[in-house]
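Colleague: Below: one structure in structure tokens.
The values are calculated or read from the model by the stated rules, or taken from the named source; none is laboratory data. Predicted model, so just to flag it, every value in this text is computed and none were measured. A quick note on method: Cβ atoms are made from the backbone with ideal geometry, for glycine too, and the neighbour counts reach across all protein chains shown. Side chains included, ligands, DNA and RNA excluded: accessible areas come from the protein's heavy atoms. Shrake-Rupley method; radii C 1.70, N 1.55, O 1.52, S 1.80 Å.
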Amino acid sequence: MSEPTKMKRGLKNRHLQMIALGGAIGTGLFYGSTSTIALAGPAVMLAYLLGGIVIFFIMRMLGEMAVDEPVSGSFSHYATKYWGKFPGFLSGWNYWFNYVLVSMAELTAVGIYMQFWYPDLPQWIAALICLVVITAINLINVKIYGEFEFWMALIKIAAIVLMIVLGLYLLFSGPLSFPDNFHNIWENGGFLPNGWWGLAMATAVVMFSFGGIELIGITAGEAENPDKTIPRAINQVIWRILLFYVGTMAVLMALWPWNKVGVDASPFVQIFSNVGVVAAAHILNFVVLTAAVSVYNSAIYSNSRMLYGLASKDEAPEFLGQLSGRGVPVKGIFVSSGITLICVALNYFFPGKIFMYLMSIATIAATISWMTITITHIKFRKYCQEHGKKTKFQSPLYPFVNYVCILFLVGVWYFMLQIPDMELAVYLLPVWLLVLWLGYWYRERSHQKE
């Protein structure tokens, strides 16, 4: 067999930092923040803070396993090894399915954003161009992917930092002095205008924004010096999430009454327009387009690596486990990018409706991944204790924080049931788990016959 058996470790620390941040910053912040603000008011800051803390602990759990055993396929591999064959099968295919949905949604978004500049350009043409370009980038080698994602994520982050700086300038250059210039945070119904219930529902919605951050675990198989780069990337992510999400929300809530944010335009457009930037809408459209392309890029990368990991465990067709001469799972990339073409047909038959459905189902799939990581980590630590093994990057507050995270994720499912646009996705959860179990049962039965 001519293909090499190992992937290339071509991702440097700066690539991992930006992949981790880029995975957590997307259209959910730039456009989705308006709906979460309507649910929680100024307390939306607290919703992002709570969600960010839970995700940080889950990432520490994944990080401990990834540093101990840096492999492509990540938590699917760990679930199989420390929990069982079905949990590994479930987590791998669920993660792949999750990112297929996300990549379809982002491809749809690319078509929508391009129509801002070219109203007559059919959505499917813009989506197809994006698909071809990103697939080509991923086919070259992992270093090219890392470099491309580094710069795409940098554009998103620069836009957020600029927005925070301009927002603070507006707050401190106005006629009111501190703390009166922040009065909108506690006026107009108070910090919790819709009570704790509104905060809880907003927390369930903001969890979509954190979907993709677990990508850092997938990169472990191709990271240079994973013992140092993975812990550094994970530890720094929490502070940046606090800065970008909580900081952005704090500035927005201080600048305008919470019930007027995003009424006339995106919150970001409002800030740029208020400081006299005439091209505010064009700047924002470029940033959100970049965000969508960046997430699609990460989706194709992670999906191909997950298929490679599944194939190496004989849980996916053998051809998906083959690597090119550059150490790239080419066939996994073609399958992952090719299947996203379905979104073109979906948008044709359900114009304007499919995006929200894709997002809510993707949120459910993301919570399954996080739940799997949390439970697998409990099994992993028990295995280490039984074998007298000490890990290099221990997750804090084990096992107490594991059970807190599990309860939190169950709470997310409950509050999604209270939101009409997300309710259907929760009802589909047992159906999806049944489909995965049937797939696993069929695979096991086929193997027994061989």
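Colleague: For residue 121, only one of the following conditions fails: (1) outside any helix (DSSP H, G or I); (2) under 25 Å from residue 312 (Cα atoms). What is its number?
Modeller: Every listed condition holds for residue 121 apart from (2).
Colleague: Another question about this same structure. Specify which of the listed residues (136, 153, 159) is under 26 Å from residue 316 (Cβ atoms) and either in a helix (DSSP H, G or I) or at pLDDT below 85 (or both).
Modeller: Result of the check over 136, 153, 159: 136.
Colleague: Please determine, by comparing only the residues of the range 304-337 that are open to solvent by 50 Å² or more (accessible area, probe 1.4 Å) and of a type in the set (Phe, Trp, Tyr), which one is modelled with the highest pLDDT.
Modeller: 334
Colleague: While we're looking at this one, here's another question. Which residues, taken from the range 165-179, are touching a Phe, Trp or Tyr at 6+ places or on another chain (Cβ under 8 Å) and in a helix (DSSP H, G or I)?
Modeller: Listed by number, the residues that qualify are 166, 171, 172.
Colleague: Small (Gly, Ala, Ser), more than 21 Å from the chain's Cα centre (by Cα) and at positive phi: which single residue out of 388, 439 fits that description?
Modeller: None of the other options fit; the residue is 388.
Colleague: When only residues in the range 15-31 that are assigned to a helix (DSSP H, G or I) and among the β-branched types (Val, Ile, Thr) count, which is modelled with the lowest pLDDT?
Modeller: 27
Colleague: Of the residues that make up the range 197-213, is at least one assigned to a helix (DSSP H, G or I), open to solvent by less than 70 Å² (accessible area, probe 1.4 Å), free of Cβ contacts under 8 Å to residues at least 60 places away in the same chain and under 30 Å from residue 95 (Cβ atoms)?
Modeller: no
Colleague: Within the range 106-118, is there a residue that is under 29 Å from residue 324 (Cα atoms) and either buried (at least 18 other Cβ atoms within 10 Å of the Cβ) or more than 19 Å from the chain's Cα centre (by Cα) (or both)?
Modeller: yes
Colleague: Of everything in the range 280-297 that's buried (at least 24 other Cβ atoms within 10 Å of the Cβ) and hydroxyl-bearing (Ser, Thr, Tyr), which residue is farthest from residue 154 (Cα to Cα)?
Modeller: Taking the candidates together, the pick is 296.
Colleague: Among the residues of the range 73-87 satisfying the criterion of being touching a Phe, Trp or Tyr at 6+ places or on another chain (Cβ under 8 Å) and crowded, with 22+ Cβ neighbours inside 10 Å, which is modelled with the lowest pLDDT?
Modeller: The extreme case among them is 73.
Colleague: Checking the conditions here, which among 250, 254 is open to solvent by less than 10 Å² (accessible area, probe 1.4 Å), at pLDDT 80 or above and over 21 Å from residue 299 (Cβ atoms)?
Modeller: After applying the criteria, what remains is 254.
Colleague: Looking at this structure, is residue 274 more than 20 Å from residue 370 (Cα to Cα), open to solvent by 10 Å² or more (accessible area, probe 1.4 Å) and modelled with pLDDT of 80 or more?
Modeller: no
Colleague: All but one of (1) in a helix (DSSP H, G or I); (2) in contact with a Leu (Cβ under 9 Å, 6 or more places away or on another chain); (3) open to solvent by less than 70 Å² (accessible area, probe 1.4 Å) hold for residue 192; which doesn't?
Modeller: With (1) in a helix (DSSP H, G or I); (2) in contact with a Leu (Cβ under 9 Å, 6 or more places away or on another chain); (3) open to solvent by less than 70 Å² (accessible area, probe 1.4 Å) applied to residue 192, the lone miss is (1).
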